[in-house]
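The values are calculated or read from the model by the stated rules, or taken from the named source; none is laboratory data. As the structure is a computational prediction, the values presented were derived from the model and not from experiment. Using ideal geometry, Cβ is built from the backbone for each residue, glycine included, and neighbour counts are taken over all protein chains shown.
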Amino acid sequence: MIVSNMNDRVALVTGASRGIGRAIAERLAAAGAEVAVHYNQDKAGAEETLERIGGRGFVIGAELGVPGDADAVVEQLAAGLSGRRLDVLVNNAAAPPAGPIGTDSVEAFDRLMAVNVRAPYFLIQRLLPVLADGGRIISVSSVATRMANPTQTSFAMTKGAVETMTRTLAQELGRRSITVNAVAPGATRTEANGAIFETPGLSELIVSHTALGRLGSGEDVAEVVAFLASPEARWITGQVVDASGGLHLGVG
(Lines give C-alpha, C1' and ligand atoms only; values in the text may rest on other atoms or scores of the structure.)
Protein backbone atom coordinates (compact mmCIF):
# COMPACT_ATOMS: atom_id res chain seq x y z
CA MET A 1 0.00 0.00 0.00
CA ILE A 2 1.55 3.29 -1.10
CA VAL A 3 1.67 6.00 1.56
CA SER A 4 3.55 9.13 0.56
CA ASN A 5 5.70 11.21 2.87
CA MET A 6 3.76 12.71 5.79
CA ASN A 7 6.52 15.01 7.00
CA ASP A 8 5.25 18.25 8.57
CA ARG A 9 1.91 16.59 9.42
CA VAL A 10 0.64 16.10 12.93
CA ALA A 11 -1.67 13.25 13.93
CA LEU A 12 -3.57 12.56 17.15
CA VAL A 13 -4.21 8.89 17.91
CA THR A 14 -6.46 8.16 20.88
CA GLY A 15 -5.79 5.03 22.89
CA ALA A 16 -2.25 4.74 21.54
CA SER A 17 -0.52 3.32 24.61
CA ARG A 18 -0.86 -0.25 23.30
CA GLY A 19 -2.56 -2.55 20.80
CA ILE A 20 -3.99 -1.25 17.54
CA GLY A 21 -3.55 2.36 18.64
CA ARG A 22 0.17 1.85 19.19
CA ALA A 23 0.52 0.17 15.79
CA ILE A 24 -1.25 3.11 14.15
CA ALA A 25 1.00 5.62 15.90
CA GLU A 26 4.07 3.67 14.80
CA ARG A 27 2.89 3.47 11.18
CA LEU A 28 2.05 7.16 10.92
CA ALA A 29 5.38 8.08 12.47
CA ALA A 30 7.16 5.79 10.02
CA ALA A 31 5.54 7.81 7.23
CA GLY A 32 7.00 10.97 8.75
CA ALA A 33 4.14 12.30 10.86
CA GLU A 34 4.52 13.72 14.33
CA VAL A 35 2.11 11.87 16.62
CA ALA A 36 0.22 12.98 19.71
CA VAL A 37 0.02 9.73 21.67
CA HIS A 38 -3.12 9.72 23.82
CA TYR A 39 -3.63 7.42 26.78
CA ASN A 40 -6.25 6.93 29.48
CA GLN A 41 -4.43 5.29 32.42
CA ASP A 42 -1.32 3.66 30.95
CA LYS A 43 1.13 6.56 30.93
CA ALA A 44 4.11 4.21 30.86
CA GLY A 45 2.66 2.49 27.79
CA ALA A 46 2.16 5.83 26.04
CA GLU A 47 5.71 6.86 26.83
CA GLU A 48 6.90 3.53 25.44
CA THR A 49 4.95 4.20 22.25
CA LEU A 50 6.57 7.62 22.00
CA GLU A 51 9.98 6.04 22.49
CA ARG A 52 9.23 3.44 19.81
CA ILE A 53 8.46 6.21 17.31
CA GLY A 54 11.72 7.93 18.07
CA GLY A 55 10.20 10.69 20.16
CA ARG A 56 8.43 12.14 17.13
CA GLY A 57 5.51 13.63 19.03
CA PHE A 58 4.21 14.07 22.54
CA VAL A 59 1.99 12.34 25.09
CA ILE A 60 -1.56 13.34 26.06
CA GLY A 61 -3.23 11.86 29.13
CA ALA A 62 -7.00 12.13 29.54
CA GLU A 63 -9.81 9.78 30.51
CA LEU A 64 -12.50 9.65 27.84
CA GLY A 65 -16.20 9.28 28.49
CA VAL A 66 -16.24 11.65 31.47
CA PRO A 67 -17.20 15.34 31.74
CA GLY A 68 -14.48 17.59 30.42
CA ASP A 69 -12.68 14.87 28.46
CA ALA A 70 -12.56 16.76 25.18
CA ASP A 71 -11.41 19.91 26.95
CA ALA A 72 -8.53 18.02 28.55
CA VAL A 73 -7.40 16.57 25.22
CA VAL A 74 -7.71 19.87 23.36
CA GLU A 75 -5.77 21.78 26.02
CA GLN A 76 -2.84 19.36 25.95
CA LEU A 77 -2.93 19.08 22.16
CA ALA A 78 -2.82 22.86 21.79
CA ALA A 79 0.30 22.98 23.94
CA GLY A 80 1.96 20.32 21.78
CA LEU A 81 0.91 21.92 18.50
CA SER A 82 2.35 25.31 19.47
CA GLY A 83 0.16 27.15 16.98
CA ARG A 84 0.28 24.51 14.24
CA ARG A 85 -2.70 22.79 12.70
CA LEU A 86 -3.76 19.19 13.37
CA ASP A 87 -3.77 17.16 10.16
CA VAL A 88 -5.04 13.72 11.20
CA LEU A 89 -7.39 12.57 13.98
CA VAL A 90 -7.65 8.84 14.64
CA ASN A 91 -10.44 7.89 17.04
CA ASN A 92 -9.17 4.53 18.24
CA ALA A 93 -9.85 4.47 22.00
CA ALA A 94 -12.86 2.36 22.97
CA ALA A 95 -14.43 0.52 25.86
CA PRO A 96 -14.74 -3.28 25.36
CA PRO A 97 -17.99 -5.27 24.99
CA ALA A 98 -20.11 -5.45 28.13
CA GLY A 99 -21.68 -8.84 27.46
CA PRO A 100 -25.09 -10.09 26.27
CA ILE A 101 -28.27 -8.20 27.06
CA GLY A 102 -29.17 -10.64 29.83
CA THR A 103 -26.19 -9.63 31.96
CA ASP A 104 -25.65 -6.07 30.75
CA SER A 105 -26.26 -3.18 33.13
CA VAL A 106 -27.31 0.43 32.74
CA GLU A 107 -23.94 1.52 34.09
CA ALA A 108 -21.95 -0.61 31.63
CA PHE A 109 -24.18 0.45 28.74
CA ASP A 110 -23.81 4.13 29.58
CA ARG A 111 -20.05 3.72 29.88
CA LEU A 112 -19.86 2.13 26.43
CA MET A 113 -21.89 4.95 24.90
CA ALA A 114 -19.83 7.60 26.67
CA VAL A 115 -16.45 6.26 25.59
CA ASN A 116 -17.27 4.84 22.16
CA VAL A 117 -19.77 7.40 20.88
CA ARG A 118 -19.95 10.60 22.90
CA ALA A 119 -16.19 11.02 23.32
CA PRO A 120 -15.20 10.83 19.63
CA TYR A 121 -18.19 12.93 18.59
CA PHE A 122 -17.39 15.84 20.87
CA LEU A 123 -13.65 15.46 20.38
CA ILE A 124 -14.23 16.02 16.68
CA GLN A 125 -16.45 19.01 17.49
CA ARG A 126 -13.79 20.62 19.65
CA LEU A 127 -10.96 19.89 17.23
CA LEU A 128 -12.61 21.18 14.06
CA PRO A 129 -11.24 24.72 14.58
CA VAL A 130 -7.65 23.43 14.62
CA LEU A 131 -8.07 20.64 12.06
CA ALA A 132 -6.48 21.67 8.78
CA ASP A 133 -8.53 21.96 5.61
CA GLY A 134 -7.77 18.78 3.68
CA GLY A 135 -7.31 16.94 6.97
CA ARG A 136 -8.33 13.42 7.86
CA ILE A 137 -10.71 11.97 10.45
CA ILE A 138 -10.50 8.20 10.83
CA SER A 139 -12.46 6.23 13.41
CA VAL A 140 -11.93 2.61 14.35
CA SER A 141 -15.18 0.66 14.10
CA SER A 142 -15.60 -3.13 14.17
CA VAL A 143 -16.95 -6.00 12.08
CA ALA A 144 -19.35 -6.45 15.02
CA THR A 145 -21.66 -4.05 13.16
CA ARG A 146 -22.25 -6.61 10.39
CA MET A 147 -22.33 -9.73 12.56
CA ALA A 148 -25.07 -10.99 14.87
CA ASN A 149 -23.01 -11.70 17.99
CA PRO A 150 -25.26 -11.68 21.07
CA THR A 151 -22.28 -11.15 23.39
CA GLN A 152 -21.52 -7.81 21.74
CA THR A 153 -24.94 -6.23 21.17
CA SER A 154 -24.34 -2.94 22.98
CA PHE A 155 -20.75 -2.74 21.71
CA ALA A 156 -21.95 -3.23 18.13
CA MET A 157 -24.54 -0.51 18.68
CA THR A 158 -21.82 1.97 19.60
CA LYS A 159 -19.78 1.10 16.53
CA GLY A 160 -22.87 1.38 14.35
CA ALA A 161 -23.28 4.91 15.68
CA VAL A 162 -19.66 5.67 14.78
CA GLU A 163 -20.24 4.48 11.24
CA THR A 164 -23.34 6.68 10.90
CA MET A 165 -21.35 9.63 12.28
CA THR A 166 -18.65 8.91 9.69
CA ARG A 167 -21.05 9.18 6.75
CA THR A 168 -22.84 12.28 7.95
CA LEU A 169 -19.69 14.18 8.90
CA ALA A 170 -18.10 13.26 5.57
CA GLN A 171 -20.96 15.09 3.89
CA GLU A 172 -20.71 18.09 6.21
CA LEU A 173 -16.93 18.49 6.16
CA GLY A 174 -16.43 17.85 2.46
CA ARG A 175 -16.57 21.58 1.80
CA ARG A 176 -13.27 21.84 3.69
CA SER A 177 -11.80 18.88 1.80
CA ILE A 178 -11.67 16.95 5.08
CA THR A 179 -12.21 13.24 4.54
CA VAL A 180 -14.02 11.20 7.17
CA ASN A 181 -13.72 7.41 7.12
CA ALA A 182 -13.84 4.40 9.42
CA VAL A 183 -11.86 1.17 9.57
CA ALA A 184 -13.52 -2.02 10.83
CA PRO A 185 -11.08 -4.62 12.21
CA GLY A 186 -12.03 -8.19 12.95
CA ALA A 187 -10.18 -10.57 15.27
CA THR A 188 -6.90 -8.72 15.75
CA ARG A 189 -4.18 -10.12 17.97
CA THR A 190 -1.86 -7.63 19.65
CA GLU A 191 0.52 -7.66 22.59
CA ALA A 192 -2.31 -6.19 24.66
CA ASN A 193 -4.93 -8.92 24.06
CA GLY A 194 -2.83 -11.97 23.22
CA ALA A 195 -4.03 -13.90 26.27
CA ILE A 196 -7.58 -13.96 24.90
CA PHE A 197 -6.47 -15.93 21.88
CA GLU A 198 -4.81 -18.56 24.09
CA THR A 199 -8.27 -19.95 24.88
CA PRO A 200 -8.15 -23.53 23.54
CA GLY A 201 -9.62 -23.75 20.06
CA LEU A 202 -10.54 -20.06 19.77
CA SER A 203 -7.85 -18.98 17.31
CA GLU A 204 -8.44 -22.06 15.16
CA LEU A 205 -12.18 -21.36 15.06
CA ILE A 206 -11.71 -17.74 14.05
CA VAL A 207 -9.13 -18.58 11.42
CA SER A 208 -11.46 -21.18 9.93
CA HIS A 209 -14.05 -18.42 9.41
CA THR A 210 -11.57 -15.92 7.95
CA ALA A 211 -11.13 -15.78 4.18
CA LEU A 212 -7.41 -14.98 4.40
CA GLY A 213 -6.80 -17.80 6.86
CA ARG A 214 -5.13 -16.13 9.83
CA LEU A 215 -5.69 -13.73 12.71
CA GLY A 216 -5.18 -10.04 12.07
CA SER A 217 -2.43 -7.94 13.60
CA GLY A 218 -2.30 -4.34 14.72
CA GLU A 219 0.00 -3.66 11.79
CA ASP A 220 -2.63 -4.94 9.34
CA VAL A 221 -5.11 -2.37 10.61
CA ALA A 222 -2.50 0.37 10.86
CA GLU A 223 -1.64 0.05 7.17
CA VAL A 224 -5.25 0.76 6.22
CA VAL A 225 -5.44 3.73 8.59
CA ALA A 226 -2.17 5.12 7.23
CA PHE A 227 -3.48 4.91 3.68
CA LEU A 228 -6.68 6.74 4.59
CA ALA A 229 -4.56 9.38 6.32
CA SER A 230 -2.38 9.88 3.26
CA PRO A 231 -2.74 12.26 0.31
CA GLU A 232 -3.42 9.23 -1.91
CA ALA A 233 -6.79 8.74 -0.16
CA ARG A 234 -7.99 12.27 -0.92
CA TRP A 235 -10.99 10.98 -2.96
CA ILE A 236 -12.23 8.48 -0.37
CA THR A 237 -14.72 9.74 2.21
CA GLY A 238 -17.78 8.54 4.07
CA GLN A 239 -16.62 4.93 3.84
CA VAL A 240 -16.22 2.02 6.25
CA VAL A 241 -13.23 -0.07 5.19
CA ASP A 242 -13.34 -3.68 6.36
CA ALA A 243 -9.92 -4.67 7.70
CA SER A 244 -10.83 -8.12 9.00
CA GLY A 245 -9.20 -10.41 6.45
CA GLY A 246 -12.68 -11.44 5.39
CA LEU A 247 -14.03 -12.63 8.74
CA HIS A 248 -17.43 -14.30 8.35
CA LEU A 249 -17.80 -13.41 4.69
CA GLY A 250 -19.66 -16.65 4.03
CA VAL A 251 -19.57 -20.40 4.34
CA GLY A 252 -15.99 -21.70 4.27
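Answer with yes or no whether Phe122 is more than 16 Å from the chain's Cα centre (by Cα) and either surrounded by fewer than 19 Cβ atoms within 10 Å (Cβ to Cβ) or at negative phi (or both).
The answer is no for Phe122.
Out of all the residues in the range 170-212, which are surrounded by fewer than 13 Cβ atoms within 10 Å (Cβ to Cβ), within 30 Å of Pro129 (Cα to Cα) and out of contact with any strand residue (DSSP E or B) (no Cβ under 7 Å at 6 or more places or on another chain)?
Passing the criteria: Gln171, Glu172, Arg175.
Here are some conditions: (1) free of Cβ contacts under 8 Å to residues at least 60 places away in the same chain; (2) more than 14 Å from the chain's Cα centre (by Cα). Ile137 meets all but one. Which one does it not meet?
Here Ile137 meets the rest and fails (2).
Going by the conditions given, is Gly83 of a type outside the set (Lys, Arg), out of contact with any helix residue (DSSP H, G or I) (no Cβ under 6 Å at 6 or more places or on another chain) and free of Cβ contacts under 8 Å to residues at least 24 places away in the same chain?
yes
Would you mind stating whether Ala195 is outside any loop (DSSP other than H, G, I, E, B), of a type in the set (Gly, Ala, Ser) and free of Cβ contacts under 8 Å to residues at least 24 places away in the same chain?
Answer is yes for this residue.
Scanning for something small (Gly, Ala, Ser), at pLDDT 95 or above and under 19 Å from the mean Cα position of the chain (by Cα), does the range 78-85 turn up at least one residue?
Within the range 78-85, none of the residues are small (Gly, Ala, Ser), at pLDDT 95 or above and under 19 Å from the mean Cα position of the chain (by Cα).
Here's the yes/no breakdown for (1) among the small types (Gly, Ala, Ser); (2) modelled with pLDDT of 90 or more:
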| residue | (1), (2) |
| --- | --- |
| Thr210 | no, no |
| Arg214 | no, yes |
| Val225 | no, yes |
| Ser230 | yes, yes |
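Within the range 118-163, can you find the residues that are part of a helix (DSSP H, G or I), under 20 Å from Val74 (Cβ atoms) and polar (S, T, N, Q)?
Gln125
If you scan the range 6-16, which residues turn out to be crowded, with 24+ Cβ neighbours inside 10 Å and either part of a loop (DSSP other than H, G, I, E, B) or among the aromatic types (Phe, Trp, Tyr) (or both)?
Once the filter is applied, which keeps residues that are crowded, with 24+ Cβ neighbours inside 10 Å and either part of a loop (DSSP other than H, G, I, E, B) or among the aromatic types (Phe, Trp, Tyr) (or both), the range 6-16 yields Thr14, Gly15, Ala16.
Hey, can you tell me all the residues within the range 28-46 that are surrounded by fewer than 15 Cβ atoms within 10 Å (Cβ to Cβ) and either among the small types (Gly, Ala, Ser) or not in a loop (DSSP other than H, G, I, E, B) (or both)?
Matches in the range 28-46: Gly32, Lys43, Ala44.
Could you give me the residue pairs with C-beta distances under 9 Å whose first residue belongs to the range 203-217 and is within 17 Å of Asn149 (Cα to Cα), whose second residue is in a strand (DSSP E or B) and small (Gly, Ala, Ser) wherever it lies, and which are 6+ apart or on separate chains?
Thr210/Gly216
Tell me yes or no: at least one residue of the range 17-27 is out of contact with any helix residue (DSSP H, G or I) (no Cβ under 7 Å at 6 or more places or on another chain), part of a loop (DSSP other than H, G, I, E, B) and touching a residue at least 12 places away in the same chain (Cβ under 8 Å).
no
Go through the range 213-235 residue by residue and tally those that are surrounded by 14 or more Cβ atoms within 10 Å (Cβ to Cβ), of a type in the set (A, V, I, L, M, F, W, C) and assigned to a loop (DSSP other than H, G, I, E, B).
1
Quick one: which residue in Val115, Val90 is part of a helix (DSSP H, G or I), of a type in the set (Val, Ile, Thr), at pLDDT 95 or above and crowded, with 16+ Cβ neighbours inside 10 Å?
Val115
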